[in-house]
1. Once you have the Cα-Cα distance between Arg227 and Arg80, take 0.36 nm times their residue separation minus that, and quote the gain in nm to one decimal.
2. What is the packing order of peptides 35-43, 271-279, taking the mean over residues of other C-beta atoms within 10 Å and listing the highest first?
3. Whole angstrom only: what separates the Cα centroid of segment 10-28 from the Cα centroid of segment 121-164?
4. Tally up the carbon and sulfur contribution to the accessible surface of segment 309-368 as a whole percent, 1.4 Å probe, everything protein left in place.
5. What ³J(HN,Hα) values, in whole Hz, does the Karplus curve 6.51 cos²θ - 1.76 cosθ + 1.60 give for segment 15-26 when θ = phi - 60°, with x put for Gly and Pro?
6. At 1.4 Å probe size, with every protein chain present, just tell me what the per residue accessible area of segment 74-161 comes to in Å².
7. As a check on your grasp of the helix formula, calculate [θ] at 222 nm for the chain: sum -39500 (n - 2.57) over DSSP H runs of n ≥ 4, divide by the residue count, round to the nearest 500.
8. Of the peptides 195-202, 147-154, 103-110, how do they stack up when ordered by the mean number of other Cβ atoms within 10 Å, highest first?
Amino acid sequence: MNQLAPYAANPDKSIGRRYDELPSPLRNAFQRDRDRIIHSTAFRRLEYKTQVFVNHEGDLFRTRLTHSLEVAQLARGIARTLNLHEDLTEAIALAHDLGHTPFGHAGQDALNECMKDYGGFEHNLQSLRVVDKLEQRYAGFDGLNLTFELREGILKHCSVKNAKNLGDVGERFINKTSPSLEAQVTNFADEIAYNNHDVDDGLRSGLITIEQLQEVQLFAENLQLVRTNYPKIESRRVIHETIRRMINTLVVDLCETSAKRITKLDPKNIAEIRQAPYLVGFSEAMRAKNLELKQFLRRNLYQHYKVNRMSAKAERIIRELFETFFIDTGLMPYEYQAYAKQDKARAVSDYIAGMTDRFAIREHQRLFTVE
Ligand code: MG
């Protein structure tokens, strides 16, 4: 563990848990949060949820579980460099996608559309619902009873309307203050991880090519270095070597730029971090390069017609599941039927959001196919 900066989140000075608990004799509060996340049902389900490619398409593509592990790896490295609390960044990273629906963004958009008259569906807010309410494993409380700092880190975005119903973790969206540096770091680690692993998965799937990627400056510069230094290596190694250099370029820039901004502000404690504008970020030049990469992926991968076909199927499955359960809640497992008596739409939404890709596909078959 590194030397903790005075403005880092400190488990001994945590704002606390919703339900008081005796401290653990062995683990700090953030370690304990992380351990609860790893033992949760929602965490195990990440293995079978899509990032971009539907889970059954191949064993080598990222899932939400491997994505979350990559985010944790990057976030910890950056936190250590900046003298922030590694355990907190790791825990936020492992929890950040717990609320995702099956089938990635296509699934979330479809569920949000189904829920538009009932408060909508937003995956960040759902991640918080999972850790605050939906995990029901502990004798003394619903949810995982995580620290404020962890819950704050999970809630990356939130509308003011929703923030008003959230109490403490919603306040910063109303007051326009900042979260901890650990939360800020994890957001960037998320972005660095998915942009780069989507390049890797995109190339592996054949939906994008090295030739196309030459138009992206960050890729082209690093590819050039690899080809100059290693003219004889085969293409699989060229790709990995280029991507690891892209990740490194982004992480180094992020650490240097953020360290400079922190030094300039010279915050004495975490309260000053919360009052300051976001301090973690890329230099202007790197921000532009990163944006170019994102835009390339949106145009060429996320909107590729083969990805669109998967998304259209996913949206149909989610919509039909929602309509079917909404009309007849008696088709859902008993615990959701009971919950539906209080809030029908939210019960159906929670049931669907918790499904893995393959469970949603099978559930759809069970409801619509007579065999
Ligand atoms: Mg993510």
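1. Taking Arg227 through Arg80 to full extension adds about 49.7 nm, to one decimal.
2. 35-43, 271-279
3. One Cα centre to the other: 17 Å.
4. Ligands and nucleic acids excluded, carbon and sulfur reach 50 percent.
5. Values per residue, Gly and Pro as x: 5, x, 9, 5, 10, 4, 9, 5, x, 7, x, 10 Hz.
6. Computed with neighbouring chains in place, this is 33 Å² per residue.
7. About -18500 deg cm²/dmol.
8. The densest-packed peptide leads the list: 147-154, 103-110, 195-202.
The values are calculated or read from the model by the stated rules, or taken from the named source; none is laboratory data. Here the structure is a predicted model, which means the values were calculated and not measured. As a convention, Cβ positions derive from the backbone with ideal geometry for all residues, glycine included, and neighbour counts pool all protein chains shown. Note: accessible area is taken over every heavy atom of the protein model, side chains too, but ligands, DNA and RNA are not part of it. Shrake-Rupley method; radii C 1.70, N 1.55, O 1.52, S 1.80 Å.
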